[in-house]
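The values are calculated or read from the model by the stated rules, or taken from the named source; none is laboratory data. Nothing here was measured: the structure is a model prediction, and the numbers come from that model. Virtual Cβ from ideal backbone geometry, glycine too; neighbours counted across all protein chains shown. Each accessible area value is taken on the protein alone, full model and side chains, heavy atoms only, with ligands, DNA and RNA left out. Shrake-Rupley method; radii C 1.70, N 1.55, O 1.52, S 1.80 Å.
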Amino acid sequence: MRISYPTSVKIIKVPCTGRVDIIHILKAFEGGADGIYLVGCLEGDCHYLTGNIRAKKRVKYLKTLLDESGIGGQRVSMYNVSSAEGLRFAEIAKEFTERIKSLGPNPFKLNKIKSTRDSGRGGI
Amino acid sequence: MIIADRKPFDEIMSMLAPYRDILVLGCNECVTVCAVGGAKEVAILASQIRLRRTKDRISSEVHEKTIERQCDIEYLEELKDTIGGYDAVLSLACGCGVQFLGERYTDVLVLPGVNTTFMGVTERHGLWTERCQGCGNCVLHRTMGICPVTRCAKSIFNGPCGGSSEGRCEIDKDTPCAWHLIIERYKKKGMMDMYMEIVSPKDWSTARDGGPRKRQREDMEI
């Protein structure tokens, strides 16, 4: 199909979105990610029955944790796309990238770089 | 087991505000099972604190550790060489663990990261409900295995009260009336005679009303 999507999107493969834990996403933000979205199978089509439903619940809870942390819950999302929907996958990549661009960089990353530069110590 | 809830994040952050080097300390027992203070929750909370403090440009070191039990002296010993190096320890154990840690290491500032709520069961994944208040004088043999102290909002012994309606308690339509449940079981077992006996007022001196409690087994002491 040769459909392109933004190069800023890095794909991490997992067997099922149900494998993704809250700590994986928090660590990604600590690692400097500006936004993270999960792309799972369509609801009702999970090979492991309920993996994508569980991921959806986790993302909802994670949004509250990110709001508390000052990162902002809007930097994380969950989408459901079937493997036959390449076009939709690319649309989501563009849509999410636009949203994150409008939010600006991850504030943790920005301040971490500044504090490391200013104090000369790793800190946090 | 003991059930707890994580304290509101803002409350935790304001408790930690004066301190730079922090240890978030988990407990592998009850609070792990009720998903509030085990290694996983330690990692999540420590990450949240790091994210927030960096965003707010507060210099900080946040460390993570989880030990087997914070309510047992032998497991607290493994912290003896390291715990002095932190400005504060945020314990995700129940109130017993927080206090016992502080008793063992009197020079260390131990702060509670959770609100200890009740003794209960895991009804299903993600739902914990209260079953016991530790009143010190169990009556379950007389109430068909359903505790009127805990599960009746009024803790009455000759129920139900007038607030019971269609098997539900007046405090909340989702709360079953404990006495309705007890009577249903009496009926099922053909033991309504037992229900008809009037129970005299309970002696609460074995409960919290009698002050802090202790249990001792001299034969076990070393």
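Numerical summary
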{"quantity": "Meets criteria (in contact with a Pro (Cβ under 9 Å, 6 or more places away or on another chain), on the phi > 0 side of the Ramachandran plot and not aliphatic (A, V, I, L, M)) for B:Gly159", "calculated": "no"}
{"quantity": "Residue that is touching a strand residue (DSSP E or B) at 6+ places or on another chain (Cβ under 7 Å) and among the small types (Gly, Ala, Ser), where the choices are A:Gly73, A:Gly40", "calculated": "A:Gly40"}
{"quantity": "For B:Ala4: the one exception among (1) of a type in the set (A, V, I, L, M); (2) buried (at least 22 other Cβ atoms within 10 Å of the Cβ); (3) touching a residue at least 24 places away in the same chain (Cβ under 8 Å); (4) touching an Asp or Glu at 6+ places or on another chain (Cβ under 8 Å)", "calculated": "(4)"}
{"quantity": "Neighbours by Cβ (under 6 Å, 6+ apart or cross-chain): first from region A:55-69, away from chain B (no Cβ under 13 Å) and crowded, with 19+ Cβ neighbours inside 10 Å; second outside any helix (DSSP H, G or I) and polar (S, T, N, Q)", "calculated": "none"}
{"quantity": "Flag if B:Glu41 is open to solvent by 20 Å² or more (accessible area, probe 1.4 Å), in contact (Cβ under 8 Å) with a residue 24 or more places away in the chain and closer than 30 Å to A:Leu110 by Cβ", "calculated": "yes"}
{"quantity": "Selection status of A:Thr17, open to solvent by 20 Å² or more (accessible area, probe 1.4 Å) and at pLDDT 95 or above", "calculated": "no"}
{"quantity": "Residues being assigned to a loop (DSSP other than H, G, I, E, B) and surrounded by 17 or more Cβ atoms within 10 Å (Cβ to Cβ) - total across region B:65-109", "calculated": "8"}
{"quantity": "Those strands (runs of 3 or more DSSP E) lying entirely in region B:113-222 with at least 2 residues exposed (fewer than 15 other Cβ atoms within 10 Å of the Cβ) and either in contact with a strand residue (DSSP E or B) (Cβ under 6 Å, 6 or more places away or on another chain) or among the hydroxyl-bearing types (Ser, Thr, Tyr) (or both)", "calculated": "B:114-124, B:127-132"}
{"quantity": "Members of region B:11-32 that are without any contact (Cβ under 8 Å) to a residue 60 or more places away in the chain, of a type outside the set (A, V, I, L, M) and outside any loop (DSSP other than H, G, I, E, B)", "calculated": "B:Glu11, B:Ser14, B:Thr32"}
{"quantity": "A:Glu43 being modelled with pLDDT of 95 or more and surrounded by 14 or more Cβ atoms within 10 Å (Cβ to Cβ)", "calculated": "no"}
